[in-house]
Structures are given as structure tokens and as C-alpha cells.
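Have a look at the structure below before the remarks.
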Amino acid sequence: MAAEHWSERLQRFDRRWIFLIMGLAVVVPLFVPLNLPTRPDPMTKAAYNTVEALPEGARVFVSIDLDPSATPELEPFYRAVILHLKRKRARLVFATTWYAAPPLVNRYLRETVDRAIAPPGAEGYDGAPDRAYQRNVDYVYLGFRDGRSAIIQAFGSDLRGAFDGRADDGTPLDRIPMMQGLNKLADFDLVVLVSAGSPGAKEYVQYVGTRNRLPMVAACTAVSTADLAPYVQTGQLLGLVGGMAGAAGYERLVGKPGAGTAGADVLNIGTMVVILAIVFGNVVYFAGRAHRRRGGRS
Amino acid sequence: MKKTVPLILGMVFGAYALAEFYLPHHAVAGLSDELRSWAAILSAAAFILGGLNILQVTWPKIRRREDDWGYKVVLLGGAAVMLAVGLPWHKLGDPPRAPTVARTAGGAGPGATVIVTVPDDVTYTVGTVVGPGTGAPIAIAVEPGPVAIKLSKRLAGYRPLTTTVDVAAGDTVTVGGEPPILWGRDGRVFTWIYDHVFGPANATMFSLLAFFVASAAFRAFRARSIEAALLLTAAIIMLIGRAPFGGAISSVFPDLAQWLLDVPQNGGRRAIMMGAAIGAIATGLRVIVGIERSHLGSE
Amino acid sequence: MTALPWIDVVGYWLGIFLTFSVLSFLYKDNPFYKLVEHLFIGVSVGYLIVLQYGDNIEPKVIDAIFGGDLDGVWLGLRIVALVLVLMMFAKVVSRRWAWLGRYPLAFVVAFYAGLQVNAMAQAELGAQIKFAASSIDAPKVDLNAAPAEALTSLPGSSPAVAAKLVAERARQPFTSVDDAATRPSLTDLERADLAAARGHLIGLDARAAVGPGERDAFGLVSNLLLLLATLASLVYFYFSVAHRGPIGAVSRFGVWILMIGFGAAFGLTVLGRISLAIGRAYDVLGRTVAPEDAARIHAPWASLASIALIAGGLTIWELRQRRVQPVPPPGADGQS
Amino acid sequence: MSARLVVALVVALVGAQVGAAAAQPGAGSAVVVPIDELSPLGPPPAQPAPPAPPAPAPAAAPILAGVTDVQVVAPANDDGRHLDVSFTRAADVAAEVATVIVRRRHGTPGAPPRYPPLVADGAWAPSFAGPTPPPLAALAAGVTIGPWTVAAVLVGGETSFTDQVAPGHDYEYVVAEVLLDHGVPVAASAAEAIGPRRPEAALVHTGRLGYLAIVALIASLIAWYVRRARTAKDLYIRSLPGVEAIEDAVGRSTEMGRPVLYVTGLEDIQNIQTIASLLVLGHVAEKTATYDTDLTVANYYPLTMVVAEEVVRQGYANAGRPDAHRPERCLFITAEQFAFAAGVSGIILRDRPATNIYLGCFYGESLLLAETGFVTGAVQIAGTAELTQLPFFITACDYTLIGEELYAASAYLTKEPTLLANLKAADAFKIVAMVFIVVSVIAATGGWFDLGGKVFP
């Protein structure tokens, strides 16, 4: 048997090498940042403008539908948009439809709402400062309800009923002044969806958004961007922040760089690795084909 | 009885579900909600069957000491622990809900004072004043009248102690206590396992995809045909356009990527969505009228 | 702020160890991965049952029926649900009664099928047909006449910018897009945004004009292509005729469109997937916890320790495998 | 309580001055009652009310121009629980003037006054102002004043409001303008009263008839083709490689003596993709039963597992081997996405099925499963309508059923005419849709009329 052609050896190339390279591509830039500039894409800008256009003290419904696996992509946006909303003194109502979310949401609320994200004089931030919000006064956490699309429909028709008239901590909603007049999603000035998948932004658009013409902006994982982009085109979503890159853009617009901006660097290297993998794969393929054409055994 | 009744049931409920969307009346809406909760209840109750199924599959392996039986023990153990700490047994006992409040009336002056003594991992809220405990007494001046007091732990899983004290001018109120540990799904142990086992495992399984997309791209994106060539060209354009460096090099790449999303991608997806919707509607109707009935058995 | 209790510090170490155990799956299926896999499944099952109990069984059954939250007709209906549940469990009691289980299944399948038919008709089919059926004309936005919303939708614009443009054109009509994009009342940042959004293909210049009746040629072409792409792809899903001749040609075009779409979607996804790995890296480096906690956790050291532990374990395991089974059968190495 | 009473009275007196000379003592003494009613609403004031609110320029409390042309109608396509209140506000009405809408059930016993006390003699009645801090807490939606309930306080200058009411009763409405000074009501206009009106539930949701048309059309097409299928000999259907692959793959597994793995997707029965997948499972089970090959079904939800078990049992029965059915091979793994992915990967790596079939709704884990399956060299057939996951199945699986093909698969596998008729019907509808699209695009582009918008509002 003749010595096999290099392309044939590469055909059986162990993909674990690719894993290794990708691993390095992810870790190394975290220690040696490139700080490439980020450019908010139009849909992210639209989302920012929608929030920016809110009146002072607007009432905003925030649905946090994610699990730990999606936090790297969505948490940067969440932190940026909450800062954005808080410095517009928006009154916030939180809820989630993911069973895996409540512990996360509680942590988020403790870290970003109960205390100020950018108190006056926060370094690396020259925008308007925000303040610590008081639960059941400036914001309400309704908690978690299961039922996928069905429960989202319920939010649209009777939000209080869907949560049995109580906030997550058991306070009757009737006793919370800021909840007065908030009975269904249509009563809010804006609906913000931090949405890692299903149920999430898509269900909100399908089951309540379209019917009630709700003003909604969404943040989704980079995967779902393609899925939700048409809804932005058709105005069913007023803005869409796609994945970490989108979040980096939003962070830039809000003026407080965070994990999204830092991660953007890694995205660069990682993307290049994938592109090189594709190119390499084709080189191997064409070399092998040319070799076979020349009558080489295979 | 065994076959016809389910068939009729299906037709009736299916027909209702078809109709309710076009009938705005609130009575209809109410009934639909009720039926939805039926489905939710069934789905939830099925988890008991699911649990039984898991036992049915794993227990024999453990008994017969088959390969990997030890892992099955871990599996059952994990589930058992979560159930033990998660299900609301804790409702049996009832730890305190309010802090201890001692009140000494009288004294001079228009204002009143609240003295908080809590350990350093407890955060106190007195009226609008919030702060960490130190273990030593902390005096806080308050306006006379009802004052909301709350003691909470910094970590999740403890029940905050709350109360409202009606203080009169000159009063001194001494507040103490430590939030009790909570059990159940908001409890200390449950959240601990969630944060340190569930969370990392979940996120890391997901992150494996970062490596798999690379290997899948290496293997599958080869220009064997026009279709494959289009596939990989579009992928590369999108990669460059969406990655931050694409925008840094030239705004052409993001724009091109966006155009790719808005026009060809969008056209294709619209067709898929329409086709899928048509297929789904046809399938749904088929199931309702009972042309498809493999879930209804026959003997 | 008080120090993190040691039990939580240990928790973070455990999380880091589990993270690397899962990653060891990239090398091959191995005991560490198996351990996490089974632990994870077990914990998730327990978690799910707890949540299902708390969110459905307790409020919808126990409180509703036995707690007296419901009465009259509604109570009766809810009891029917309970009966359905019991029927579903019949087969656990005896195979002879298993057929009873079909009643609840018949209900739930048909009911959801019915709901889905309308949901699909509305949100998927109706909506998509509606979008596809809209005008392919692409008129430019007349900066001197368009309402504020239209101006807001322009690339690089914002509600604030739109308001300023309206004010500016009232003062003096725009003579050109450049004129509009450089009016004094715009802030430097706004001007920069508009400047960055310029462009004759899909940028500001393509979308905006200073007079009525102008058209965006490229937009027109794109819309036409979008329409054709949709129709051609629909033809691909046509089952009743052989895809030969002209039909074949059209459906081939449809396939190309689909492939471009899939490629694009794949490209989009890659970023997302990489961000997940970043997230894990952040965690094992202790960058996602408060600084004072990070100081106690020493995540990087915990990571190194975990890696060492797993690497050592794998080596021993490999050696024992070799001894047990010198030549692994082809394809039997569980590498993935 | 007594403290609050004192506060209330003080507020009342001050309010009485504020409320212009007109506010008769009756209003003043009426204080206590509403305060009582108010007390359960909203949290008790953080600090006790200061002795006197900052009384802003009392005497000059202007008599405001009231609203005109008040209309109360049941909204279109309503569920019978809403009433639309609309009115016209006076021109040049100041920004700090809010519109208050109050409602009472018609014929409520013990409600003699035609107008609620808040606008006694056209001046702001202090009896209603309530404890000063928080300013508007007393004057907010849901507050009751005797028989009256505040439906809304419109501060944004809105001129219409959709009120949610209990069905089946008549309601009277009163609309008045209220001047707010730093959030404190200081004067009210004369009020416009209207009613009684009764909410009406629409019989049919006219806005949705377009969708009804779609469903009805598809249904009738199916009916027609099914009837035609009985008579017509052969209904031509082009081949679907993915579906044929399913049959071949089962045979291949038999030769290799390895099991078939069937994953029913990550959604519960409520998702129609899952239903479609389970229908296909029936046929696969029938085949594996005939070939006597092991079939492992991995389920994400227990309810899906229960149905899958029933479906598989039926498949084995159809194959004439009900005895061979082993329920414990219909597995419930877990309903947590990545734990499920881990579990199924484990099955793939350790049971080494020769065929992996993923049909139904899939999300991020799709590539995990497909790549793991690739390593074991299994034939992989996937099918989903989840657009985001199709690319991965296309790249990593041998065959992929795209969107509608998933729903068509079960019809393909049983060559039953009635099922094939379904595909014919679907195709016929596609023609209709395409024609509709083309026609309305031309019409819309020509600017004649917007068909799409008309049919699907």
C-alpha cells in the first residue's frame, strides 16, 4: 500500500485539535484583550431609541425568560437596559415564565434593582446615575408562572389573575400603589423581553403582542436573532438586541461598558477560528479531490 | 367504550378549541382557561409517571449491579435530595416571621429612635434607612408614626423578618433577631444546589456547542455542490458581518450580513413558516376529526 | 458587606469542578462526565417535580378542590380534571384498565391540536402571508414632509433626531440629505450616527430624500427578490408534482434560497455559542461574582486544581482501560 | 385609627378652605367615611401626615372647564367585560389638569346623589382628597367613594379610556376635570354624567374572520380530496428522501443488530410538532416491530412519554406483535434541556444505536445530539419546523425533514389515500396562497388597495 496522500491523512484529522484551538481562542483573549471597537447594529439602536423615548416614570413590564446557560448572552443586555430604565425613573414590573429562572431573577433583582448599578461617580461611566429601587414601591416582582404560551396569553388578558393577585413576596397587588391601573400587558408603556428561547419573545409576539399591538423590545440569543428579525421589520418588535455582540452595542449606547463589551473581543478570535476551520476543511477537500482526479488511490 | 368514546372526546374538545378563538364572549374565555388548567394539571401529574418510569429503568440496573449502576445511584440520589429539600414539608413547622421588638415609651424630644442589633450578615431596613448589621447596637432616628422594619440576609434562602411598629414621639424601640433559614424551593439548600450544581452543569453542557459548531463547520461546510457552496459562503459572510471585527474593518460587512438576513434568509424562512403552518393546520384537523388516531389505540 | 460563608465557597469550587468534568466530554466519554451527567439529570428531575407541584398541583388541585378556592360549576369542572388524572394512572394499577388512560390523552391531544390550528393560522400563516403580500414599492422618506415616526425609522436616526429634523425643516426646508444630516441643532454624537449611517445602497441616502416621489432602487430590487425567494421556496414544498422541467428549475432556486438562509442562520449562531464558552470562562475565572466574594473563592486556583484532578483521573482510567482491553474496536472510543 | 381620624379631619378642614367657599360643611363631615374606605387601599403613609398640607394659594382655585360629549360604548369584538369611555376636553386645558372617571353600578341601593361627592357644586370636595401624602394615592383607579369607584385618573391628556367592568350589569359614569397642584387635587370642574350603559360581548370576533377563512378553506380542501381519494386510483406524491431513509434505516439497524433511537423533541403535547412526531413514531414502531428491532424512545416531557407509549403499543399491535412491546423502552429522561441533551448523548454513546431519529421541536441541543451521533457513525434523520435549528441538522445529519416535510412524513409512511389527500389539500392551499400573494402585491404596489391588510387586520 502506497504512503497515503497528505490530504487523506487530513481527512481523518482528529477534530479534538479544533476543540483545543477553540478553547485557547476563548481563554487567551480574556487575558490579552484587543479592545476592538463595537458598532451597534440598527436593530439594537432601534431598541435603545425605544427605551430612550419613554416618558419619565413610564411603566415597564420586564419578562426575564432565561436559564443559567443563556446568561452570558443576555445578562449584559439585562444590566444595561435596567440601568437605562432606572435612570429614566421607569417603574418596573418583573415576571418570568421559565421554571429555571426564579433563583437567577432574585439574584439579578438584588444586584441591579435593589441597589444602584451606576451610583454617582461610578468609574468609566459619565451618564446619569441611577438609584436603588424599593420593592413594591418603585418595582414589583410578580414571580414565576408555568404554562408556556398559555400563561403568556393570560398575561395579555389578566396579569393580576395570572399571579393570583399577589406579588412574589405575597403582597396583594391591590396594596401596591404603582400597580394601580396595571391589569394587563396593554396597560404598560413598554414590554421588555429578555428571552433565551421558548417561551419568550416569539410567544409574546404571537399570543399577545400582535393582538394587543404592544410596544415591545426584545433581547435574544444570537441564534434567535434570525428568528425574530422579521418581527422587527414588521414592527411587531420595536427593537431587537441579538446576543453578546448586540449587548456590547447596547452597552456602548447606554455608556457603561460591561461583560458584553469585554466578550466582544473573544467573539472576534473565536469567529476567526471557525472561519479558518471552514477554509481548512475546503483545502483538505479540494486537495483530496485533485489527488483522486490524478488517479491517486483512496 | 374503549375506542369510540376517546374519539368522540377528541372531536368535541378539538372542535371547541377550534371555535373558542373566534368567540370573544368572556364565558368562553373562562372555560378555555379552565381547560388549559386541566391540560396543565395532566402535564404536571404525568411527572409522577415520569418519576416511576425512571425508577423502573434504573432500579433493576442497581439491583443487578449492572455496569454504571453507581451512576444510577447518583441519579436517584440527586432527585431524592431535591425532592426532600424542595417539597413544602417545611410548612409543617413555622419559624418566626417578625423580629423581636422591645419598646420603651416616654423620653423627651419630638423624634423617636430605633436601636437595631443584628449580626453582620443581616441587612436591616428601618423606614427608609437601609444598612448592614455589625453585631453591635445601631441607633436610627425616625419620625414618630408607623415605621416599617425589615431584617433580611444577604444570601437567598432565608425568610426576611418584617414588622411595622407604631412609634410615638420620644419612644425608643429595640429591634433584634436573625432571619430563619427557609426550606422549599426558595430555601437555602434548594438554591445552593441550583446555583452550584444545576447552573454550572447546565451552562457548561450548552457551552460545548462553542466547540461543536467549529467541528461541524470544519466537516460539513465543503463546497461539494452549488447548494453547499451557497451554504458556506452565506455562513462566512454572516460570521464576518456579525463579529465585531467585521464592523471594525468596514461597515459593508454588517450591512451585507443584515441584507442577507433581511432578504434571502427572510424569504426562505417565510416559505418554511407558511409551509409548516399549513402542514400543522392540516395535521391538527386530521387529529381532531380522528383520521390520525394512533394515540387512541384500537383493540 | 459580610464574608461569604464557607459552605458557599465550597459550592463555587464544586461548580468549577463540575464545569471541567463536563468539558472533559470533549476528550471522550469518561467517568467524570458520566458522574455529572447522572447528577445533573437527577437534580433536574427533582427540581422539575418540585416546581410542577408548587405551580400546578398545589394551586390548581389541592387548594382549588380541597382548599375551597373554587365552588359551584368551576369546582365540578376541576374535579373532572382530577378524574382524568386518575384515568391516566389507571395503567399503573392494572394493565386491564390501561385503556382508560386514552380518555385524558384524547382530550389533551385534540384540545392542543385545536388551539395550535388557530395559533398557526394567525401568527404564522396569516401574518406571513400578510407580510409577503405587502407592496414591494420602496419610496424614499421625504425629509421635508414625512412625519416624525418615519424620520425616526431612518438609519442612524432616533426620536430625538426626528424631532430636531422636524423643527429644522420648519425653520428652513432641507436642500439635500447632507444639509439635513449636518444641521446645527444636532449634537455631535447624533451627527456622527447619521454620518455613519450614510450610504446609497441601504444607508440613509437610499432611504431618505428631500423631495417627494423618489424611489430606493436597491430597496425595490431587494423587495422583488424577497417576494420571488418566498414563492420559489414555497414551490420547493410542493409535493404533488415531480420537480422536473421549469418547476424543477424554480424549486432548485428555492433550495438555493433556503441554503443561503441556513448558512446565514448558522453564521449567526456561532457567535452565540462562543459567548456561552466565554460565560463559562468568566465563571471559572471568578469574574462573575462580587469582588469581595472572588477574594474568598480563589476561582483560578480552584480551576487549576480541578484540571489537575480530572487530568490525573483520566490518565489512571485510560491506563486501566488499556489493560482491560488492549485494542479498542473501531469507532468504539467514545470521543465526541 | 384615632390618629388617622384626626389627620383626616385636619386635612378636611384645610381642604375645605382650599376647596373654595362653595364646599359645604356636609362635605367636610362626610370625611370620616371615605377615609375609612380608603384605609385598606395602598400602604399606610410612611410618616404620619403633617398637620397641614402645603395649602397652595387657596382662594384662587379656578372653576375648570369640564369635559363635553361624553360617550360610553361597548368596544368592538369585546368579551363583555369592557366599556369604552370617550370625551372631548376643553381646548387649552392646562397640563396639570387630570381627567377623573368614576363609575357606579346602575341602581345601586343607597346612592341618591346624582353626582359623586368629589365634584359637589363644581368645586373640589375635600372629603375626597384623603390624607395628603401620598398625593394621588387617594385619587387613583380602584378607590371607592360610597357607591362610586374611580375607574381612572388620566394625567396624560388622554380623551378615552377602556374600563374593565363585571359583565351583565348597567353602569353609570361621571367624568370630571381635576386641577392638581403638585399632585394635590385642589379643584374640579363640573362633572358630566352618562349612563346607564351595559357592556356587550360580541358574538363573533370579526377581526379574526380572515384566519377562520384559512382554516375553513384548508378543512374543505381536505374533505374534498379525501372524497376524491376514495375514487381516484393513484395520487401522485413526489418522493421525500428523508422519509424513505427512515424505512431503510430501520432495516439497517436490524442488520447491524443495534437499536433505533427515536427522540420526540423538546416540547410538550401542546406543540403540534410533537404531535406530528408521535404520529410518525407510530409507523416507526410498526416497522421495528416487524423487523424485531429494539426501539428506544427518549422523551422530554412525561406526558409525551405517556402518549408515546400508547402510540408504540399501537404500532406493535398493528404489526401483530403486541407481546413484543416493552413499555420501559419509552423513556422519560428529564424536562431540563441540557440534562436531557446529556442523557440522550449518554444513550447514543453507550447503547450505540445504528439509527438516530430526531423528529419534533428542537432547540440549542440539536447540534449536541447530532454531533455525538455522528461520532458513533449512526445514520441520523432529523425533522423539525424550528427554523433556528434546521441549519445544524442540515449540516450534521444525513437527512433532514424541513418544516412541512415533518408534518407530511406520517402521511408518506402510511400510503393511505386519506392521508395522501391531506398533502394534496395542503398543496392546493399553497397555490391559493401564492395567487393571493401575487395579486395583492400587484394591487398594493399599484397603490389600488391593500388586500393583505384587509383580510388579516
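The values are calculated or read from the model by the stated rules, or taken from the named source; none is laboratory data. Because the structure is a prediction, the values reported are computed rather than measured. So basically every Cβ, Gly included, is an ideal-geometry build from the backbone, and we count neighbours across all protein chains shown.
Residues that are among the β-branched types (Val, Ile, Thr) and at pLDDT 60 or above within segment D:89-119 comprise D:Val93, D:Val97, D:Thr99, D:Val100, D:Ile101, D:Val102, D:Thr108, listed in sequence order. For segment B:24-62, a residue qualifies if it is more than 7 Å from every other protein chain (Cβ to nearest Cβ), farther than 18 Å from C:Leu82 by Cα and either in contact with a Phe, Trp or Tyr (Cβ under 8 Å, 6 or more places away or on another chain) or buried (at least 19 other Cβ atoms within 10 Å of the Cβ) (or both), and the qualifying residues are B:Thr58, B:Lys61, B:Ile62. The helices (runs of 4 or more DSSP H) located wholly in segment D:361-457 that include 1 or more residues which are more than 28 Å from D:Lys287 (Cα to Cα) and assigned by TED's automatic domain parsing to the domain that holds D:Glu247 occupy D:390-396. Tell me whether segment B:220-231 contains one or more residues that are of a type in the set (D, E, K, R) and buried (at least 24 other Cβ atoms within 10 Å of the Cβ). So far as segment B:220-231 goes, no, none of its residues is of a type in the set (D, E, K, R) and buried (at least 24 other Cβ atoms within 10 Å of the Cβ). Would you pick out the residues in segment B:22-35 that are touching a Gly at 6+ places or on another chain (Cβ under 7 Å) and either in a helix (DSSP H, G or I) or touching a residue at least 24 places away in the same chain (Cβ under 8 Å) (or both)? Within segment B:22-35, just B:His26 meets the criteria.
Answer yes if at least one residue in segment C:245-258 is among the hydroxyl-bearing types (Ser, Thr, Tyr), at the interface with chain A (Cβ under 9 Å from one of its Cβ atoms) and out of contact with any Lys or Arg (no Cβ under 8 Å at 6 or more places or on another chain), and no otherwise. The answer is no; no qualifying residue exists.
When each of C:Gly126, C:Gly156 is tested for being touching a helix residue (DSSP H, G or I) at 6+ places or on another chain (Cβ under 7 Å), more than 7 Å from chain B (Cβ to nearest Cβ) and over 30 Å from B:Arg293 (Cβ atoms), the lone residue that passes is C:Gly156. Within segment C:270-287, how many residues turn out to be of a type in the set (D, E, K, R) and within 7 Å of chain A (Cβ to nearest Cβ)? Residues meeting the conditions: 0.
Filtering segment C:184-204 to residues that are among the charged types (D, E, K, R) and surrounded by fewer than 18 Cβ atoms within 10 Å (Cβ to Cβ) leaves C:Asp188, C:Arg191, C:Arg198.
Would you confirm whether or not segment D:291-299 contains a residue that is within 28 Å of B:Ile278 (Cβ to Cβ) and part of a helix (DSSP H, G or I)?
No, there is no match, as no residue in segment D:291-299 is within 28 Å of B:Ile278 (Cβ to Cβ) and part of a helix (DSSP H, G or I).
Return the pair list, or none, for Cβ contacts closer than 6 Å from residues in segment A:157-183 that are assigned by TED's automatic domain parsing to the domain that holds A:Phe61 to residues that are modelled with pLDDT under 80 and in a loop (DSSP other than H, G, I, E, B), at least 6 apart or on different chains. Listed by first residue and then by second, the contacts come to A:Pro177/D:Gly42; A:Pro177/D:Ala137; A:Gln180/D:Ala140; A:Gln180/D:Ala141; A:Gln180/D:Gly142; A:Gly181/D:Ala141. Of the candidates D:Asp427, D:Asp450, the single residue that is of a type in the set (D, E, K, R) and under 13 Å from B:Gly279 (Cβ atoms) is D:Asp427. The set of residues in segment C:213-251 being surrounded by fewer than 18 Cβ atoms within 10 Å (Cβ to Cβ), farther than 30 Å from C:Ala146 by Cβ and either among the hydrophobic types (A, V, I, L, M, F, W, C) or at pLDDT 95 or above (or both) consists of C:Val241, C:Ala242, C:Ile247, C:Ala249.
With respect to the conditions (1) more than 7 Å from chain B (Cβ to nearest Cβ); (2) at pLDDT 90 or above, C:Val117 lacks only one, and its number is (1).
A residue that is of a type in the set (Gly, Ala, Ser), in contact with a Ser or Thr (Cβ under 8 Å, 6 or more places away or on another chain) and within 7 Å of another protein chain (Cβ to nearest Cβ) occurs nowhere in segment C:230-244.
D:Leu331 fulfils the conditions (1) buried (at least 24 other Cβ atoms within 10 Å of the Cβ); (2) free of Cβ contacts under 8 Å to residues at least 60 places away in the same chain except for a single criterion, (1).
How about segment D:400-436: which of its residues are of a type in the set (Val, Ile, Thr) and touching a residue at least 12 places away in the same chain (Cβ under 8 Å)?
D:Thr400, D:Ile402, D:Thr414, D:Thr418, D:Val432
Would you check if D:Lys454 is at the interface with chain B (Cβ under 9 Å from one of its Cβ atoms), surrounded by fewer than 24 Cβ atoms within 10 Å (Cβ to Cβ) and under 30 Å from the mean Cα position of the chain (by Cα)? Here the answer is no, as D:Lys454 does not meet what is asked. When C:Arg78 is tested against (1) without any contact (Cβ under 8 Å) to a residue 24 or more places away in the chain; (2) facing another protein chain (nearest Cβ under 7 Å), just one condition goes unmet, and that condition is (2). Restricting attention to segment D:229-240, the residues that are surrounded by 14 or more Cβ atoms within 10 Å (Cβ to Cβ) and either of a type in the set (Val, Ile, Thr) or part of a helix (DSSP H, G or I) (or both) add up to 2. Name the single residue that is nearest to the other protein chains (Cβ to nearest Cβ) among those in segment B:135-153 being surrounded by fewer than 15 Cβ atoms within 10 Å (Cβ to Cβ) and over 15 Å from B:Gly177 (Cβ atoms). Per the criteria, the residue is B:Ala141.
Restricting attention to segment A:56-81, the residues that are free of Cβ contacts under 8 Å to residues at least 40 places away in the same chain and under 15 Å from the mean Cα position of the chain (by Cα) total 2. I need the full set of residues from segment A:22-43 which are surrounded by 16 or more Cβ atoms within 10 Å (Cβ to Cβ) and within 11 Å of chain B (Cβ to nearest Cβ), in order please. Hits for segment A:22-43 are A:Met22, A:Gly23, A:Ala25, A:Val26, A:Leu36, A:Thr38, A:Arg39, A:Pro40, A:Asp41, A:Pro42, A:Met43. Each residue in segment D:367-397 was checked for being touching a Lys or Arg at 6+ places or on another chain (Cβ under 7 Å) and more than 10 Å from chain B (Cβ to nearest Cβ), and 2 of them qualify. Kindly establish whether A:Val205 is crowded, with 22+ Cβ neighbours inside 10 Å and under 22 Å from A:Arg79 (Cα atoms). When the stated conditions are applied, A:Val205 does not pass them. Only one of the listed residues (D:Ala202, D:Ala213, D:Ala223) is facing chain B (nearest Cβ under 10 Å), within 20 Å of B:Glu20 (Cβ to Cβ) and surrounded by fewer than 20 Cβ atoms within 10 Å (Cβ to Cβ). That residue is D:Ala202. When segment B:200-228 is filtered for residues that are under 29 Å from the mean Cα position of the chain (by Cα) and facing chain C (nearest Cβ under 7 Å), the ones remaining, listed by number, are B:Pro200, B:Ala201, B:Ala203, B:Thr204, B:Met205, B:Phe206, B:Ser207, B:Leu208, B:Leu209, B:Ala210, B:Phe211, B:Val213. In summary, A:Arg135 fulfils each of the numbered conditions (1) within 14 Å of chain C (Cβ to nearest Cβ); (2) at negative phi with the single exception of condition (1).
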